[in-house]
Each structure stands twice: as structure tokens, then as C-alpha cells.
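Report on one structure; see the data block that follows.
The values are calculated or read from the model by the stated rules, or taken from the named source; none is laboratory data. In this text, all values refer to a predicted model and were calculated from it rather than measured experimentally. Here Cβ is always computed from backbone atoms with ideal geometry, including for glycine, and neighbour counts include all displayed protein chains. Quick note on the areas: whole protein, heavy atoms, side chains included, nothing else; ligands and nucleic acids left out. Shrake-Rupley method; radii C 1.70, N 1.55, O 1.52, S 1.80 Å.
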Amino acid sequence: MAETLPWWKTAVIYQLLVRSFQDSDGDGIGDLPGLLDRLDYIQLLGVDAIWLTPINPSPWCDGGYDVADYCDIHPQLGTLAIFDRLVAACHARGLRILLDWVPNHTSREHAWFTEARSSRQSLRRDWYIWQDPKPDGSPPNNWLSVFGGSAWTWEADTGQYYFHAFMREQPDLNWRNPQVRAAMHDTLRFWLARGVDGFRIDALDMVLETSDLTDNPPNPKFNPHEALDQAVLHLHTRNQPGLHPLVAGMRQVSDEFPERVLLGEAYIEVKELVRYYGTRSAPELHLPLNPSLLRQRWDADELTAAIKQYLKEIPAHGWPTWANGNHDMPRIGERATVEQERVAAMLLLTLRGTPSIYYGEEIGMSNVSIPPEMTEDPQGRIQPHRNRDVARTPMQWNDSPNAGFTAGDPLLPVADNYRDVNVARQQHDPQSLLNLYRRLLALRKAEPALQRGSQQVIERQAPTVAYLREQDGRRLLVLLNLAGDTYSFRFAGLGRQGRILFSTHLEWPDSTATDKITLRGNEGVVVVLDSRSSTITATIA
């Protein structure tokens, strides 16, 4: 009998921005009642959990990641009573619900910071990171903000600088203070007690800095077209050794509640990322989020190498994660091309581990050009070529004005292609990208080899990615053509009883797969193999 896995190991997560998903009251901003109205769609899509970006009260200087109250709902989005209805409605549909949690910093408008900046003698002064200026009045060191410029802001009333890894409106909490740890742990308990199934922890690797204020060394490879804070190497402000006990403390809080999960964001090297699983005796995150696919060129060799390296580094007690997109990255069609989005879907949903789908990915939403006057993203205002708003635009529901998102003026512009690229149109097209996602999700649920099976990357020739998934003698070969040309492949060890189970084209004229498979351009297939097949290698026929 197969081992019963925790729900989050077999789940597919759907990430959405509430403010961009569905507006219920015509103010141009998505809200919780709008999300409630769209739960049937999410359920029919076939995912298992939804992850909401921040919904807390916030001045919204940085997409809600500047939290002014960890234990309430932004009034534009709804109320705690509506949120409780949302949790109940999700659970009634068999959906789990995850929230973003922002431990690195608060908003300047948070009551904690208001008290901390009022006086050097404030009881909450040490809840944040304050330092005297250098003798010439300049900041204490060369630490840089993510969005460029010094990470220190002067407070004249108390004559000290405070540290902010992001905007000046986002002062960093001092996690070395036990009172801060206790207060932040209580914010987790607040939502867990309301039935939330877990959290995605924001900017995890930035929660702790060195205490001695050592300057970061300059980055000799700095490219000004990249993030401005990369002008220095963050040796003393990212991924500090003392962070792991703090994450273990977060896990202990989560474990007070049954069947909850902690995901964590950290854009660091894989060897460092996997350390955040912790150990069996001192567990940390259930799922450190893997950015490998987000950062790779859409190239068969590079993707294969990244997949192999990541799977090799994961400890035996760890579980992989995958994503093609998120709220900080360009949409997948910008990297993989529109023609390859179907292949990207199969890659995401057949790799071993827990995948996340970014809202709109399932219908092929693309980046949207954002006029400067409508740009919300603070990074986009400083570096227009890095504007994250391009992938945060309203969900495209139908071909009515504003794509059915709002009856008012949307906060961000709707894509010009919404009359052709929308849910309503694709629902009725059996060959659509949306129906491909639905059928892939159904296939994943029906095949234990895809949910829990082992994975072996197959040696092959470009331009393909190939791997084997196996569970209890059921062997599935996934073969993805990353080119627009047709290729035929001969497989040593394929066996003589294989058959094509699924194609991204959603139809396959010849299901037989002996020792040769022909892939059409931009096609991926899942092949059922003879259980007696031996070691498999692939060469172009």
C-alpha cells in the first residue's frame, strides 16, 4: 500500500494577486468578494491550493509588502468576516488557502514603528535596526536597498539612521530581539487559528544581517541593467548563518497546527537554498521555493542541467518545488515564446515535486506595457525595464470591457489581446491552453508516478528535455521538444510495448511508441513504457 503523503506534496498551488483577479464593486481593484465569486473556476481548473499575495492593511508602496497591520485585512479588499467566508468556501471545495507573510520589514505606518521612532527610549526602539551616523553624518555603512541607493534613512527627531533592505517606507525588523520573534510568531498563530493552511514567507534570506555593520564588498561584475543593489556583494546582508534557527522557530509555530505548510522565497544558489529544509531533527521549511526555471533561458541543455543540479542537491527528507512564473518575474511566454507555453505547462506539471501556477499562465496571459503614470511597482519607477507590473495585470475573463475584471477603471491596464486571450473563449475550445492545463492536472491526479514517483533525467540530444517518472512499476517517459521543427528520436532500452499517453497537442494520430518517437514542433508527450525496459538513452533518428 502506497505511503500517505502530506497534502502539500501532491498539491498544485495557484498563485494569484487579489487586487488583479476580480473586482466586485467597480473601484478597479480586485477584492475578496470577487475572489469568492471565482472559486468555482479555480476548482474546475483542478488545482489544490491558492496562494494570495498580501491582503493586509498597507499604504501599498510596494504591492502590499509594506504591512501596516499583520492581523487585519486591507479595507479595499474586504474584512476579516469576508476572509473567514473565503476560508470556509475554499475548504468546502477541497481547496487549501495560503497567505504571504512578510517577516523582514513592516510599513513605516505600522504602530510598532510609530512607537519605535518616537524616542530612543521607546520600549519598541530595538524592534528595528537603528545606528548612529559616521562622524561626517553619513550612513553607518555602504549597505544598499534592493531598489537602489543607501539602505539607511535619517530620522532627525532622534538623530539616528534606520535600516531598510527595501524602500525607506519598509523599515527592517530586528529579529535578534526576542520580543520581535514572539510578536511575529503570534501573527502566524492569528491566521493559523482562522484556518489558513500555510504561508509563503517573503524575502526569507534577508531577515537577518550581520551585527557588526561590516561594509559589503563591491561587485566586480555589476551590470546596471540588473537590480541596482547588485553593485555590492551581499555577504553581510543576505543568507546569514544565524538565520536557520530563526526559520526553525517559525516551523515550530506552524507545527502547533496540524497539516500546515511553510513555503519560503530565497533567490540564492541551490546549494544554499536546500539548507532551509533543515534537518530531520530540526526541520525548517517544508518547501523552500525553487527559482531554477524562473532564471533559466528556455534552452534544452540549460534547463536539463538546472533540473539535474537541483534534484541532486535536495536532501533525502526534502521535497522539490517548481514554478514557471510569479509576481516578480516576466510571464513565461517572454522566456519560452508563445508557441512553447504548452511545452512549459507539461514540464511544470510532470516534474517531481510541488508546482505553482501563476494566475493567467493557464490561458497564456502575456506581459503588458505599463505607462509611466500607471506604474505602481517602485522598482519599475526607478528602472522601467525591470517593471514587475507587466506581469501583475488584471485577469482576462472574457471579451467584455476590461476583460470582465471590473466595471470601473482598472488599477493597471488590461492586455490589448484580452478579446482573444480569455477564460470564456478558451473554455469552449477543446484544443485551448486552458483545456491543456485542465487535462494535465487531471492526468497528474490519475497517475501516481507523476504525483509521487521517482525521477531520472534521460541523456538526450538537443533540443529536447526528457525524464522518466516511475512508481510501483508504472514507468512514464516525458519528452519535450523545445524547437519548432519536427524531430524523431530513437531510444535504446525503450521496450516494445510503449504507447503515447498524452500530447500537448491534445491529439496524437499514432499512439504506438516502440524504439522511435516523432515529436512535432513545440510538442511534449508522455509515454507509457514497458515495465521491462532497461536504461534509456535518446538520440536523434
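Helix 178-192 sits at what angle to the longest principal axis of the chain, using alpha carbons and giving 0 to 90 degrees rounded to 10?
50 degrees
If the chain between Glu302 and Asp84 were fully stretched, how many nm would it gain, using 0.36 nm times the residue separation less the Cα-Cα distance?
On the way: separation 218, 0.36 × 218 = 78.48 nm, distance 4.41 nm.
That pair, Glu302 and Asp84, stretches by 74.1 nm at full extension.
Where in the stretch 152-177 does the amide nitrogen come within less than 14 Å of the point 7 Å from the Cα of Asp126, taken along Cα to Cβ?
Hits in the stretch 152-177 for Asp126 at 14 Å: 174-177.
May I ask you to compute the full-extension gain from Arg194 to Arg381, defined as 0.36 nm times their residue separation minus their alpha-carbon distance, rounded to one decimal in nm? Don't skip to the answer; put the middle values down first.
On the way: separation 187, 0.36 × 187 = 67.32 nm, distance 3.68 nm.
In short, 63.6 nm is gained.
Of the listed peptides 249-259, 30-40, what is their order by residue-averaged count of other C-beta atoms within 10 Å, with the highest listed first?
On the way: 249-259: 14.9, 30-40: 19.5.
Ranked from most to least packed, the peptides come out as 30-40, 249-259.
Could you derive backbone 3J(HN,Hα) for the stretch 227-244 from the dihedral phi with the Karplus parameters 6.51, -1.76 and 1.60 (θ = phi - 60°), listing whole Hz in sequence and x where the residue is Gly or Pro?
4, 5, 6, 6, 5, 10, 8, 7, 5, 10, 10, 9, 6, 6, x, x, 6, 4
Please say if the stretch 227-325 is rounded, prolate or oblate, where rounded means a/c under 1.5 for a ≥ b ≥ c the square roots of the C-alpha gyration tensor eigenvalues, and otherwise the choice is prolate for a/b larger than b/c and oblate otherwise?
On the way: a/c = 2.08, a/b = 1.32, b/c = 1.57.
Judged from the Cα gyration tensor, the stretch 227-325 comes out oblate (a/c at least 1.5, b/c at or above a/b).
May I ask which residue of Leu246, Ser211, Ser292 lies farthest towards the positive end of the charge dipole of the stretch 197-345, with charges of +1 (Lys, Arg) and -1 (Asp, Glu) on Cβ and the Cα centre as origin?
Of the candidates, Ser292 comes out farthest on the positive side.
Kirkwood hydrodynamic radius, computed over distinct alpha-carbon pairs, for the stretch 287-369: how many Å, to one decimal?
13.2 Å
Taking Cα centroids, how far is the stretch 295-319 from the stretch 161-180 in Å?
34 Å
Calculated from DSSP H runs of 4 or more alone, at -39500 (n - 2.57) each and per residue, what is the 222 nm mean residue ellipticity of the chain, nearest 500? Don't skip to the end; give the middle numbers.
Working: 17 runs with 132 residues, N = 541.
So the helix-based figure for the chain works out to -6500 deg cm²/dmol.
Once fully extended, how much extra length lies between Glu3 and Thr486, figured as 0.36 nm per residue of separation less the alpha-carbon to alpha-carbon distance? Numbers along the way, then the final one.
Details: separation 483, 0.36 × 483 = 173.88 nm, distance 4.05 nm.
So the chain would gain 169.8 nm between Glu3 and Thr486.
Roughly how many Å² is the accessible area per residue of the chain, as a whole number, for a 1.4 Å probe? Numbers along the way, then the final one.
Working: 20920 Å² over 541 residues.
Each residue of the chain exposes 39 Å² on average to a 1.4 Å probe.
Any chance you could check the Cα centroid distance between the stretch 448-475 and the stretch 210-266 for me, in angstrom?
Centre-to-centre (Cα) distance: 33 Å.
Under the rule of at least 5 residues apart or a separate chain, name every residue whose amide H is placed under 5 Å from the amide H of Val457.
Correct list: Leu468.
Under 1.5 on a/c is rounded, so check that first for the stretch 201-257, then, if it is not, pick prolate when a/b is larger than b/c and oblate when it is not; a ≥ b ≥ c are the square roots of the alpha carbon gyration tensor eigenvalues. Don't jump to the answer; show the numbers that get you there.
Values: a/c = 4.66, a/b = 2.09, b/c = 2.23.
Since a/c reaches 1.5 but b/c is at least a/b, the shape of the stretch 201-257 is classed as oblate.
Under the classification rounded if a/c is under 1.5, otherwise prolate if a/b is larger than b/c and oblate if not, where does the stretch 97-189 fall, given a ≥ b ≥ c as square roots of the Cα gyration tensor eigenvalues? Provide the component values of the computation, followed by the final result.
Details: a/c = 2.27, a/b = 1.45, b/c = 1.56.
Taking the square roots of the gyration eigenvalues as a ≥ b ≥ c, the stretch 97-189 is oblate.
Would you work out what percent of the accessible area of the stretch 42-92, with all protein chains in place, is carbon or sulfur (probe 1.4 Å)?
Details: 920 of 1610 Å².
Heavy-atom surface of the stretch 42-92 belonging to carbon and sulfur, 1.4 Å probe: 57 percent.
Which residues' amide hydrogens lie under 5 Å from the amide hydrogen of Ile50, considering only partners 5 or more residues apart or on another chain, with H built in the peptide plane?
Long-range HN contacts for Ile50: Tyr14, Arg96, Ile97, Leu98.
Taking amide H positions as placed in the peptide plane 1.01 Å from N, state which residues far from Gln160 in sequence (5 or more) or on other chains have amide H under 5 Å from it.
Here Glu155 satisfy the definition.
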